[in-house]
């Protein structure tokens, strides 16, 4: 069964983007969050996060 990409209602810190990505791909939420922080420092992580916040639906 394939998991869909949604922002969870529990276990989130800001918008649930990192938690949703981690759940979808079966990796640690902390690892995804650290990746976004590093990507934000050296790239456009904030813009990607905001875009995913808008695009990825909230879990029901």
Worksheet item: For region 5-14, which residues satisfy the criterion of being without any contact (Cβ under 8 Å) to a residue 40 or more places away in the chain, in contact with a helix residue (DSSP H, G or I) (Cβ under 7 Å, 6 or more places away or on another chain) and at negative phi?
Response: 12
Discussion item. With the requirement that a residue be more than 20 Å from residue 4 (Cα to Cα) and out of contact with any helix residue (DSSP H, G or I) (no Cβ under 6 Å at 6 or more places or on another chain), what does region 19-40 give you?
Written reply: 34, 35, 37, 38
Discussion item. Please count how many residues of region 5-14 are assigned to a loop (DSSP other than H, G, I, E, B) and in contact with a strand residue (DSSP E or B) (Cβ under 9 Å, 6 or more places away or on another chain).
Written reply: 3
Worksheet item: Hey, among the residues in region 15-60 that are surrounded by 12 or more Cβ atoms within 10 Å (Cβ to Cβ), part of a loop (DSSP other than H, G, I, E, B) and in contact (Cβ under 8 Å) with a residue 12 or more places away in the chain, which one's nearest to the chain's Cα centre (by Cα)?
Response: 16
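No lab work stands behind these numbers, since they all come straight from the coordinates. Keep in mind the model is a prediction, meaning the values are calculated, not measured. Methodologically, a virtual Cβ is constructed for each residue, glycine included, from the backbone with ideal geometry; neighbour enumeration extends over all protein chains shown.
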